Amino acid sequence: MGVERCGLCGLPIYVRLAAVWNDDGTITGRFVHSTRVVQAYADELDYIFDGISERIGLDISKIVVEGERKAGLEFTKTLMGKVYGLAGMVARNRLFSRLVFEFVIRASKNAGFGDCKVVGQKHNKLLKIDVKEAFNPPVLAGNMLGSFEAFAKRPGTVRWEGDREHVLIVIEADGDEGRVEEERLKPVLPVVIPGDYMVERCRRCHMPVELTRRYSFDLDRGIATEVCTGRRIVTVMIDSLNAVFKELEGELGGEITRMIVELESDYVKEHAMMPAAVDEDKAMHELLSDLRIKGMGNPTEISMTGDELLVRIENPFSEQLLAGRVLGFYRALMGDPADVKLTPDEEGFMFVKAFRP
Ligand SMILES: [Zn+2]
């Protein structure tokens with residue numbers, strides 16, 4: 001216990017080793033600083049992916065795998081480069097191989113993706129991962145496929161069998177090495193605007209004390225839970241979310257953007273915990289206050305004028321999901337009908353306006 005958790009606030013050490021909570025509404029990876037992560041409810045992301053599949057009448061799991069694969073590939077490449085500096089040469093080493101996959105597995109459990117275990121491995125040819133209480137299997141499968149490809153330096157295929165309780169992910173190399181190099185994911189690096197979000201930090205481990213109050217981490221099972229609601233949360237890379245959305249938009253067209261906004265807004269409206277404040281302006285501040293601890297961005301202006309709500313969010317993690325989120329809270333507080341407009345993020349901030357149509 002003493003080694004696993006901070007002696008003062010009780011937060012698992014691994015959470016501190018993995019990520020940094022910044023004062024600007026972002027959470028970034030400690031090992032790979034360019035990796036920004038966000039916390040979302042597990043069923044929130046399921047709701048969006050399943051909702052898109054339902055609306056368009058097409059199983060989108062292949063597209064989700066593809067987006068996640070690109071992000072996993074990028075992440076693992078950066079990680080390997082970071083650890084050894086010369087990924088190409090050392091990558092062939094079996095010990096190094098075990099280290100990297102060990103890290104990827106550990107990171108997945110830490111992210112709340114379930115109890116992941118490598119159950120079969122043929123160097124650079126085959127990887128079998130067993131997951132109990134799994135988060136969204138296409139997300140997991142795509143992510144692990146990307147890591148495998150970064151490592152084996154050749155494309156692979158992935159399939160999975162079983163259900164959420166127990167899923168087996170099987171990755172096999174497919175084709176010649178070198179081909180993977182061609183398709184790099186262009187990472188969307190958001191402009192980071194410094195913030196002055198004064199988070200209360202633990203005196204010993206310097207992590208926000210709210211983390212321990214808000215979440216409980218079961219690192220053996222790979223499950224993180226929001227204490228007050230009992231709902232499961234996962235930590236995902238924003239590059240992977242955006243890669244999936246971009247993949248969807250590329251394959252299915254621009255109406256996907258609107259669909260994501262609507263689905264997120266439905267989800268948020270349905271699950272909003274209504275604050276005690278009667279005053280609408282205060283209530284909205286309360287509803288939007290957890291954006292920062294979740295790494296979604298920094299809401300620096302929230303103003304309610306009549307029926308119109310205007311929010312400025314710095315360092316937004318996703319335009320679609322934030323617009324949906326603000327609209328969802330607006331609908332929860334003010335009722336329907338409601339609509340939303342957003343200004344795209346070009347310099348590190350966006351405006352979301354929710355209003356009566
Ligand atoms: Zn602490």
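See the values below:
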quantity	calculated
Members of the stretch 285-320 found to be in contact (Cβ under 8 Å) with a residue 12 or more places away in the chain, part of a helix (DSSP H, G or I) and over 16 Å from ASP24 (Cβ atoms), listed by number	HIS285, LEU287, GLU319, GLN320
Single residue of ALA243, ALA224 found to be in the same structural domain as VAL167 (by TED's automatic domain parsing), in contact with a helix residue (DSSP H, G or I) (Cβ under 8 Å, 6 or more places away or on another chain), touching a residue at least 60 places away in the same chain (Cβ under 8 Å) and not in a loop (DSSP other than H, G, I, E, B)	ALA243
Residues (surrounded by 21 or more Cβ atoms within 10 Å (Cβ to Cβ), in a loop (DSSP other than H, G, I, E, B) and in contact (Cβ under 8 Å) with a residue 40 or more places away in the chain) located in the stretch 133-170	PHE135, ASN136
Considering residues of the stretch 206-220 that are away from the ligand (no atom under 12 Å from the Cβ) and buried (at least 16 other Cβ atoms within 10 Å of the Cβ) only, the residue farthest from TYR14 (Cα to Cα)	ARG214
Number of the exception - ASP336 against (1) acidic (Asp, Glu); (2) assigned to a helix (DSSP H, G or I); (3) exposed (fewer than 13 other Cβ atoms within 10 Å of the Cβ)	(2)
Positions within the stretch 117-132 being out of contact with any Leu (no Cβ under 8 Å at 6 or more places or on another chain) and surrounded by 18 or more Cβ atoms within 10 Å (Cβ to Cβ), in sequence order	ASN124, LEU127
Failed condition for ILE260, given (1) in contact with a strand residue (DSSP E or B) (Cβ under 9 Å, 6 or more places away or on another chain); (2) among the aliphatic types (A, V, I, L, M); (3) assigned to a helix (DSSP H, G or I); (4) more than 16 Å from the ligand (Cβ to nearest atom)	(1)
Pair list, Cβ under 6 Å, 6 or more apart: the stretch 200-212 residue closer than 13 Å to ASP23 by Cβ, other residue among the aliphatic types (A, V, I, L, M) and more than 8 Å from the ligand (Cβ to nearest atom)	PRO208/VAL199
Extreme residue, nearest to LEU211 (Cα to Cα), among residues of the stretch 3-14 that are near the ligand (Cβ under 10 Å from one of its atoms) and aliphatic (A, V, I, L, M)	LEU11
Yes/no for ARG203 being within 16 Å of the ligand (Cβ to nearest atom), outside any strand (DSSP E or B) and at pLDDT 90 or above	yes
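The values are calculated or read from the model by the stated rules, or taken from the named source; none is laboratory data. All figures in this text were calculated on a predicted structure; none of them were measured in a lab. Please note: Cβ atoms are built from the backbone with ideal geometry, for glycine as well, and neighbour counts cover all protein chains shown.
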